[in-house]
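Note sheet for the following structure.
The values are calculated or read from the model by the stated rules, or taken from the named source; none is laboratory data. It should be emphasised that the depicted structure is a prediction, and the values quoted were computed from it without experimental measurement. Every residue, glycine among them, receives a Cβ derived from its backbone with ideal geometry; neighbour counts consider all protein chains shown.
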Amino acid sequence: MQTDRESTVFSVIRDRRSIRNYADRDVPGDVLQSIIAAGIEAPTAMGLQPWRFVVVKDRDLMQRVSDYCRPILAEIVSSAGGPGSEEFLAVLRSPEFNLFHNAPVLVLVLSAKEAQSGIIDCALCAENMMLAAWALGIGSCWIGSATIVEKNPDLLAELKVPGDYRIVAPLVFGYPATLPPKPARREPVITWIP
Ligand SMILES: Cc1cc2nc3c(=O)[nH]c(=O)nc-3n(C[C@H](O)[C@H](O)[C@H](O)COP(=O)(O)O)c2cc1C
């Protein structure tokens, strides 16, 4: 029999979606604090907790990061080619495209560069944050392409990323304006022994 706790955890995991269309409504600071509090409950290798967080509500800075990353991303997509690349390039090149999907807030999950498992630790933290946000009615999207900003020292300084930290998870949060359909999951390949 499923307990209430099990059914809540499973439904949040199952129903969370990457949101790319946000309502014009701010996420309050205390809610962001709760989301980060859920993030830092994640397990970490050797209990190192190698993270720091940057909360960006400055839409102008987000736009400038988007404008910087966009052509570099287009270049990467164009040289990689493959299925769907032409459609994606068309979206990337449209003037209204914003890397952050016009979300009201960006949270950078940073890892200390010296932490050996920092990328794994911060990815676990990021997933906790996205699930906690969903449980609070807030959508999120991991914007991996925003790590391109690490090539730009000036923007990195504006984002207050210390030199001994790297950006692992650029996460946007906001109240969903619309919910997308769930992308189908492939059947897991499971080897049972015995
Ligand atoms: C490491 C990583 C990088 C991602 N980068 C982007 C991105 O740059 N832009 C974006 O819109 N979505 C990005 N996503 C979201 C995925 O596209 C999304 O999780 C996937 O399509 C499955 O959809 P779902 O999250 O709704 O289940 C990223 C997700 C991960 C885990």
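Structure above, values below:
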{"read-out": "Qualifying residue in region 23-33 (condition: over 28 Å from ARG59 (Cβ atoms) and touching a helix residue (DSSP H, G or I) at 6+ places or on another chain (Cβ under 9 Å))", "value": "no"}
{"read-out": "Output for region 176-194, where each listed residue is surrounded by fewer than 14 Cβ atoms within 10 Å (Cβ to Cβ) and in a strand (DSSP E or B)", "value": "none"}
{"read-out": "Qualifying residues in region 143-175 (those that are within 11 Å of the ligand (Cβ to nearest atom) and either modelled with pLDDT under 95 or part of a strand (DSSP E or B) (or both)) - the one nearest to PRO50 (Cα to Cα)", "value": "VAL168"}
{"read-out": "Matching entry among ILE36, ILE19 (being within 16 Å of the ligand (Cβ to nearest atom) and under 20 Å from LEU106 (Cα atoms))", "value": "ILE19"}
{"read-out": "Complete set of residues in region 45-68 that are assigned to a helix (DSSP H, G or I) and in contact with a Ser or Thr (Cβ under 6 Å, 6 or more places away or on another chain)", "value": "ALA45"}
{"read-out": "Options LEU48, LEU106: the member that is at pLDDT 95 or above, in contact with a helix residue (DSSP H, G or I) (Cβ under 8 Å, 6 or more places away or on another chain) and within 15 Å of the ligand (Cβ to nearest atom)", "value": "LEU106"}
{"read-out": "Some residue of region 74-89 being more than 16 Å from the ligand (Cβ to nearest atom), more than 16 Å from MET130 (Cβ to Cβ) and of a type in the set (A, V, I, L, M)", "value": "no"}
{"read-out": "Check on ALA42, of a type in the set (Gly, Ala, Ser), in contact (Cβ under 8 Å) with a residue 24 or more places away in the chain, within 13 Å of the ligand (Cβ to nearest atom) and in a loop (DSSP other than H, G, I, E, B)", "value": "no"}
